[in-house]
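Only one structure is covered here, and it is reproduced in the block below.
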Amino acid sequence: MLGVNLLLYAGAIAMLVAGIRAHLGGGFALGVVALFLLAGLTSCGFFTLQPNEAAVLILFGAYQGTVRQSGFFFTNPFNKRLKVSLRARNLNGERLKVNEKRGNPIEIAAVVVWRVQDTAQAVFDVDSYENYVKIQSESAVRHVASSYAYDDGEPNEVTLRGGADEVSAALTRELQERLSKAGVQIEEARLTHLAYAPEIAQAMLRRQQAEAVIAARQKIVHGAVSMVEMALNELSAKRVVSLDEERKAAMVSNLLVVLCGESEAHPVINTGTLYN
């Protein structure tokens, strides 16, 4: 078709030159103008597409098809061509303040990697597919955030902070369900920001610190009891010393004080006996 278009231009130019030389009248001039108009109209049908780019063809409001290959093409000059990018895109969501599963306000944000899969759906089924992706992504992040606790859930419970992979998978599934009607494919969705809201951040920090201290104390006590038990068993097995129940109780008490105390122990030597 490109060759035909070039021939039309060449013929129009040749007729124009011949008409000027022969001093031909208005009828010939109209023919030259018509030929130029036909060549110009034909030129409007050419278009190019880059890799990962598609063109949706519409003729007087009717969908004619989609061209997805890259290259140089010709179509009906009256076709309207809407170019749609098929490249992967990133949507960096804004920080949202939502209530997690237990009602605590948190700040959360996510990044979504998406691309157009069905160009006809993207163009005809929603008003603006880019704006649709943005709004539905925000809605999906809010819904997922309210479905999980921030942290410290029940045993084997998935939380926002501890179950990043599970939360990302759930967010990806929900986004795909919401955006499939717009011809959009979700390739990845992950949280980029997660924190308690400023109004409760300090209180939650103190709670986390207290829980950390309790957990550390529990581990220290468990280790101290194991060491005391091992010491008593070793003394009995090797018959180093014979201890009655009262002396065992005193030994256990002293060892636990030494092992569980925060400050350095200062031993006191007893020059008498346990009973005086």
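Name the residue, out of 127, 152, 165, that is on the phi > 0 side of the Ramachandran plot, of a type in the set (Asp, Glu) and assigned by TED's automatic domain parsing to the domain that holds residue 97.
On the way: 127 fails: on the phi > 0 side of the Ramachandran plot; 165 fails: on the phi > 0 side of the Ramachandran plot.
None of the others qualify; the one that does is 152.
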Check your understanding: What are the residues in region 156-192 that are farther than 23 Å from residue 85 by Cα, among the β-branched types (Val, Ile, Thr) and either at pLDDT below 90 or in contact with a strand residue (DSSP E or B) (Cβ under 6 Å, 6 or more places away or on another chain) (or both), if any?
Key -> 158, 159, 192
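Would you check which residues across region 121-139 are outside any loop (DSSP other than H, G, I, E, B) and not aliphatic (A, V, I, L, M) and list them? Even if it seems obvious, please write down each step before you answer.
From region 121-139, those outside any loop (DSSP other than H, G, I, E, B) are 121-124, 129-139; that's our starting set.
Across region 121-139, the qualifying residues are 121, 124, 129, 130, 131, 132, 134, 136, 137, 138, 139.
How many of the residues in region 161-219 are more than 16 Å from the chain's Cα centre (by Cα) and either surrounded by fewer than 13 Cβ atoms within 10 Å (Cβ to Cβ) or not aliphatic (A, V, I, L, M) (or both)?
To start, the set of residues in region 161-219 that are more than 16 Å from the chain's Cα centre (by Cα) comprises 162, 180-183, 195-219.
Subset that is either surrounded by fewer than 13 Cβ atoms within 10 Å (Cβ to Cβ) or not aliphatic (A, V, I, L, M) (or both): 162, 180-181, 183, 196, 198-199, 202-203, 205-219.
Total satisfying the criteria: 24.
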Review point. Listed residues 91, 82; which is in contact with a helix residue (DSSP H, G or I) (Cβ under 7 Å, 6 or more places away or on another chain), more than 20 Å from residue 120 (Cα to Cα) and part of a strand (DSSP E or B)?
Key: 91
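Yes/no per residue for (1) surrounded by 20 or more Cβ atoms within 10 Å (Cβ to Cβ); (2) more than 26 Å from residue 185 (Cα to Cα); (3) touching a His at 6+ places or on another chain (Cβ under 8 Å); (4) of a type in the set (Ser, Thr, Tyr):
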position: 94; (1), (2), (3), (4): no, no, no, no
position: 133; (1), (2), (3), (4): yes, no, no, no
position: 142; (1), (2), (3), (4): no, no, no, no
position: 145; (1), (2), (3), (4): yes, no, no, no
position: 156; (1), (2), (3), (4): no, yes, no, no
Point to revise | Lone unmet requirement of (1) within 30 Å of residue 59 (Cβ to Cβ); (2) in a loop (DSSP other than H, G, I, E, B) for residue 152 | key: (1)
Check your understanding: Do you know which of the residues in region 65-79 that are loosely packed, with under 15 Cβ neighbours inside 10 Å and part of a loop (DSSP other than H, G, I, E, B) is nearest to the chain's Cα centre (by Cα)?
Key -> 68
Exercise for review: Using the structure shown, decide if residue 187 is touching a Lys or Arg at 6+ places or on another chain (Cβ under 7 Å), assigned by TED's automatic domain parsing to the domain that holds residue 124 and of a type in the set (D, E, K, R).
Suggested key: yes
Exercise for review: Would you mind stating whether residue 88 is exposed (fewer than 14 other Cβ atoms within 10 Å of the Cβ), among the aliphatic types (A, V, I, L, M) and touching a residue at least 24 places away in the same chain (Cβ under 8 Å)?
Suggested key: yes
Point to revise | Of the criteria (1) without any contact (Cβ under 8 Å) to a residue 40 or more places away in the chain; (2) not assigned by TED's automatic domain parsing to the domain that holds residue 58, which one residue 81 fails | key: (2)
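The values are calculated or read from the model by the stated rules, or taken from the named source; none is laboratory data. Everything quoted here is computed from the prediction, not taken from an experiment. We place every Cβ from the backbone using ideal geometry, glycine too, and count neighbours over all the protein chains shown.
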